[in-house]
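To keep things clear, I will list the structure first and then write my remarks on it.
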Amino acid sequence: MEIVRSQRNLTADGPPSLSLYRSAPSLEVRLEDFELYAIDRLRVLKGISDGISRGKKPEEMEKLVSELWRANMRHQDASEVTNKDMISHFVLRLVYCRTEDLRKWFLSMETTLFRYRFRLESPESQRMLMAEFQLPYKALSNAEFETVKDKLGQVARSIGQSSNAETIFFKVPFEEVPELVASRRVFLLKGYAYVAMNQVVSLVVTQFRSNLSKALVLTNRKWTSTIREQEKERLTPIVEALSNSYLGPDYSQPKEFAEISLKDIDQLASNSFPLCMRHLFEKLREDHHLRHGGRMQLGLFLKGVGLKLDDALAFWKMEFSQKVGTERFDKEYAYTIRHNYGKEGKRTDYTPYSCHKIISSTPGVGDHHGCPYRHFSEENLRAALGKIGVGSRALDDVMDKVRNRHYQLACTLTFEAIHAASCDTGINHPNHYFSESQKILKSRIQPTT
Amino acid sequence: MTKEEVLVERDDMQIDGGGPDSRQVRADPAGFSADYLKIYYGKLFPCADIYKWLSYGNDGKHPACDHSYIGRREFSFTLEHDIYVRFQSFNNANEMENAIKEKCPFKIDIGPVYSVDPAKRHAYAQAGNNVFTPVERELIFDIDMSDYDDVRYCCSGADVCLDCWPLMTIAIKVMDRALRDDFGFNHILWAYSGRRGVHCWVCDGRARRLSNEQRSSIADYLRVYKGGENNSKKVNLTGPVLHPFLARTYTDVLRGFFEEKLLCSQKLLASEERCQKILELIPDESIAAELLDRWQGNRRSSISKEDVNIARWEQLKHILQSGKQKAQGLRRCVEEIVFSYTYPRLDMEVSKHMNHLLKAPFCVHPKTGRVCVPIDPDNCGDFDPTTVPTLSELLEELNMSRTRAEPENEWERTSLGKSIRFFRSSFLHPLLKSCKEEMESSYNAKLQQSRNSLSW
Ligand code: SF4
Ligand SMILES: [Zn+2]
C-alpha cells in the first residue's frame, strides 16, 4: 500500500479519479472515439478475465489491473483520461446489456476492475468515495470495540495479519460483505460483520456491483425500446459488432466438426477430450451414473462437440439404465437432457461450461465434476496424467503450473504433451480443447488419403 | 361420525416393535402404503400449521398483508409410482388441504416463492413482461449421513444407527449455534429427513430474502469439509490461529464428540486399515511411520484396561503436540483429523440457490415409514431416529385409544402429539409473532414516510 500511495500522489491530489458511473456523460463524442475507447476498455476487461481464470492471487491481480489500465486507458491529454473512462464504460454498457450472459460477464469484470482501482486510491479518496456512495456506516465506538477486541484480533491473526489497535472497524449487516463472510475474513456477531478499514473495499464493491447490475437491466430496457431503433444508422451497428468480435465463441452451437456420432465417442474421448471431460466420461462408463454437476458439465460439453439430441439420449440411457433401469431414466433424467438441448422447459440457452466456470465450481462428496488440475489431489492428478500418457518430464512441468494455480496453463501443457504439437492460444474452454485437438488429428490423417 | 376402523395388520406391528434390528433405521416397506397415508393426511398431518407457517402472517387482516404471497409458493408432489408433479400452488388453507388429501402425495416438497403464481407461469410468460423468478426462499441446509461413509464403520449408505447418529447431532449443534450467534437468525426449524439425515429451515425474513450470492457466502462460511472424490485431504486449516467460529466449534463440540464418543463407538483406531486412514492425514511421513510402528508393537501387549482407540489417540496427540513439533502444520494436524471425522458435511448446492426444493416436515418417508418430525436443537443429543413414530405405529395408536378427541386434534392421541406441540410452541408461534411485529413496523414506517412527503 505504501508504494502505491506515493505513486498515487503524482496523479491525484484532491478528488478521486475513480468514477462511480452514476450518470452518462453529456459529452460530445466522435464516432471513431466511441468505438476506439470501447475497444481499449475491452482489452482491459479481457485481460482481467484471463487473470481470473488463471487463478491469480489478489496481489497479482492488483498489479495486472494497474498495468492493463495504464497500457490501454492512457490518453495524451491528461484531462481526457476521465472522459475516456466514462465514455468507454457507457458504450460497453450498451454492448453488454443485451443478454443475461453478457450482463453477467460485464458485471463481473467491471466490478473486479473497480475493486482494484479502488484499492489503489489513497485512504483519503477512499473515504470520499465511501461518502459518495452514502454508505451509512459509523466507525465502531471505543466501548464497543473493547467488548470484541479479542475476537477481532483472533480473526486478524487467522488470516495472517497482525492485529492493530489503531485499526478502525465498521459494523455492518453481514449481507453486505458476502465475500468477506465466505472466506471467514471477518468476525460475525448476531448478524453483523466487523469490517476493518482495509477491508472496506468489499463494502464499496458490493454497492458498486448492485448499482451496476440494476443499471444494466435498465439500459437493456432502453436499448430494446428506443435506442436500437433510433441509432439504427449510427451506433447500433457498432454496438453489435463490438460484442461479437470480442466475446469469443461460446460453443453453444457446434461449428467446425458439426456432428459426432455415437460409435466414435469412445475414441474421441480418449483422443480429444480434456482431462475434466475424460474423467467424467470414464466415471460414467464405470459407475453408470453421474451426479447432477457431472451430468451438466459433461452433457453440455457433448452438445457442444456436436452430439445430437437423439444420440445424447441414447448415450445417457445406455449407461444410466444399467444402474437405475430404463423406466427411471425416462422419468427422472431424460428431462434434463432434453432441457439442455432447449427442448423442454424454459428455453434459456445452456451453453457448455467454460474452464473458468468449471474451475470455480465446488464438487462435493460423490461428485466427479470440476477441473482435475484444480480439484484433484496431487497424487490423483499425477496418476490420471500418467494414465493418459503424459511423460515424466512433461508431468513435472504440469505439476509446477498446478502448484502455482495456473490450471489452464497446466491443461495447455498437457495438451501439448499428448499431441506433440504446440497450442499457442492456450486452453480456456473444454470445447476449445476438443476442436484444437481435432484440428491437429485431422490434419495428420489428411495427407495419407 | 362413528369410530372408523383403521386398517392396520397386527403382524406388521410385531415386526416393527422389537428385536435386535430396531436400533437401526432400515427400510420397512410393510409399514407404508397409500391407504395408510390417506388416513395419515386425513387425521394427523398438521396441514393447517404448515399453511400458517408458510404464510408468514400474510393470511391475516392487517393492511400490510400480501394476499398473493402464499399463492406464489411452489409445492411439488411425488405421487405413487414416482410421478412427479411440480409447480403446484394454493391460494388458501382449504385448497392446500384438499389437494393433499385427494392426491395423497408420497412426498411433498416445498420450493421458493416466485414473482408470480408458479401454476400460471406459462400464461405470464406469454404476456411477456413478467419474469418468472424466485423472490423469496428460506435458507435451507441438507445434511445426509451417506456423505459420511468414510468415517463410520457401523453402517453405510442409507442406513443409520445410534452409533453414527451423533454425527448428525454434531451437525445440528454446530450449525444451529452459528446461525443464531454469528448470523443472528432466530427462527430455525430442524427436521429429521425420515431416513438418513436432517434438514434445516432458516425462516427469518432476513434469511428468506437473501440473494443467491449471500446464500453462497453463508454456506462457504460454514464449509470446512471439502468433498470431491479425488481429493484425499478434505480439511485444510490454514493460518496461525483458527477463526473464532472454528475455534469455538472445535473446543465446544467437535473435540468432545470425537474423543468421548466416536473414537470408541466407531473404533476409529482399532484396525491397521483404519489407523492408516488417520495417519494419511499427517503430512510428516516419518511421524506417521513412527506411530504405526508403535501401534503394531502394542497390539499384543494390549494395555489391558484402556480402550485401544483412546490409547492410540493419546499417543498420536502426544507426538504431534509435543514441544518438538514446532512446525505449525503438524500441530494443526490434530485439529484437522478431528474436523475430518466430525465436522458437518453440507450439500452446498441445496443451500446456495433459491430454487432448490426440500421435503416438507411431517411428511412420511416411503422407505422407512417414519415421519419427518422436528428436532429440538437444544436437546438434539436426545433425539433417537430409531424411535421416531412410523406411519403404522401412529395408525395403531389411533385405533387403540378409545377416548374420542376433537376431530381436528386426533394427533393428541398419538405419539405425534409431542412433535406437533413442539413445532407450534418453539417454532411456529414465535415465528408468527415476529412476522406480525415486522409487518407492523414496516407498515408504520411507510405511513410515516407518506405523511412526511405529504406535509412536505
Ligand atoms: S483447464 Fe479447462 S479444459 Fe482443462 S481440464 Fe480444466 S476445465 Fe477442463
Ligand atoms: Zn451406524
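The values are calculated or read from the model by the stated rules, or taken from the named source; none is laboratory data. This one's a predicted model, so the numbers in the text were calculated from it and none came from an experiment. Because the Cβ atoms are built from the backbone with ideal geometry, glycine has one as well, and the counts that use them run over all protein chains shown.
Listed values, structure above:
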read-out: Test: residue A:273 is aromatic (Phe, Trp, Tyr), assigned by TED's automatic domain parsing to the domain that holds residue A:361 and within 16 Å of ligand 1 (Cβ to nearest atom); value: yes
read-out: Tally of residues being free of Cβ contacts under 8 Å to residues at least 60 places away in the same chain and buried (at least 16 other Cβ atoms within 10 Å of the Cβ) across segment A:57-84; value: 11
read-out: Some residue of segment A:389-410 being within 14 Å of another protein chain (Cβ to nearest Cβ), free of Cβ contacts under 8 Å to residues at least 60 places away in the same chain and either closer than 30 Å to residue B:347 by Cβ or exposed (fewer than 14 other Cβ atoms within 10 Å of the Cβ) (or both); value: yes
read-out: Residue satisfying condition, being crowded, with 17+ Cβ neighbours inside 10 Å, assigned to a helix (DSSP H, G or I) and in contact (Cβ under 8 Å) with a residue 24 or more places away in the chain, within set A:298, A:290; value: A:298
read-out: Enumerated helices (runs of 4 or more DSSP H) restricted to segment A:110-210, each holding at least 3 residues that are of a type outside the set (Phe, Trp, Tyr), more than 10 Å from chain B (Cβ to nearest Cβ) and surrounded by fewer than 21 Cβ atoms within 10 Å (Cβ to Cβ); value: A:123-132, A:142-158
read-out: Where residue A:107 falls short, out of the listed (1) in contact with a Lys or Arg (Cβ under 9 Å, 6 or more places away or on another chain); (2) more than 14 Å from chain B (Cβ to nearest Cβ); value: (2)
read-out: Residue within segment B:122-133 that is farther than 15 Å from residue B:345 by Cβ and either in contact with a strand residue (DSSP E or B) (Cβ under 9 Å, 6 or more places away or on another chain) or within 15 Å of ligand 2 (Cβ to nearest atom) (or both) present; value: yes
read-out: Test: residue in segment B:88-98 that is assigned to a strand (DSSP E or B) and in the same structural domain as residue B:359 (by the TED database); value: yes
read-out: Residues of segment A:161-194 that turn out to be under 18 Å from residue B:224 (Cα atoms) and under 27 Å from the mean Cα position of the chain (by Cα), as a count; value: 9
read-out: Filter result (out of contact with any helix residue (DSSP H, G or I) (no Cβ under 8 Å at 6 or more places or on another chain) and touching a residue at least 12 places away in the same chain (Cβ under 8 Å)) within segment B:281-296; value: none
read-out: Residue identified as assigned by TED's automatic domain parsing to the domain that holds residue A:69, closer than 26 Å to residue A:32 by Cα and more than 18 Å from the chain's Cα centre (by Cα) among A:113, A:102, A:107, A:94; value: A:94
read-out: Every residue from segment A:357-397 that is part of a loop (DSSP other than H, G, I, E, B) and in contact with a Pro (Cβ under 7 Å, 6 or more places away or on another chain); value: A:369, A:370
read-out: Meets criteria (away from every other protein chain (no Cβ under 14 Å) and either touching a residue at least 60 places away in the same chain (Cβ under 8 Å) or of a type in the set (A, V, I, L, M, F, W, C) (or both)) for residue A:277; value: yes
read-out: Identity of the residue in segment A:348-388, under 15 Å from residue A:414 (Cβ atoms) and more than 14 Å from chain B (Cβ to nearest Cβ), that ends up surrounded by the most Cβ atoms within 10 Å (Cβ to Cβ); value: A:355
read-out: Every residue from segment B:265-311 that is hydroxyl-bearing (Ser, Thr, Tyr) and modelled with pLDDT under 85; value: B:301, B:302, B:304
read-out: Matching entry among B:151, B:135, B:198 (being away from ligand 1 (no atom under 16 Å from the Cβ) and closer than 22 Å to residue B:361 by Cβ); value: B:198
read-out: Count - residues of segment B:335-377 that are more than 21 Å from residue B:164 (Cα to Cα) and not aromatic (Phe, Trp, Tyr); value: 17
read-out: Only listed residue being more than 15 Å from ligand 2 (Cβ to nearest atom) and either over 27 Å from residue B:248 (Cβ atoms) or without any contact (Cβ under 8 Å) to a residue 24 or more places away in the chain (or both), chosen from B:138, B:213; value: B:213
read-out: Count of residues meeting criterion [among the basic types (Lys, Arg) and not in a helix (DSSP H, G or I)] in segment B:49-66; value: 1
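Let's see how each residue does on (1) in contact (Cβ under 8 Å) with a residue 24 or more places away in the chain; (2) of a type outside the set (Lys, Arg); (3) over 28 Å from residue B:57 (Cα atoms):
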{"residue": "B:381", "(1), (2), (3)": "yes, yes, yes"}
{"residue": "B:385", "(1), (2), (3)": "yes, yes, yes"}
{"residue": "B:400", "(1), (2), (3)": "no, yes, yes"}
{"residue": "B:430", "(1), (2), (3)": "yes, yes, no"}
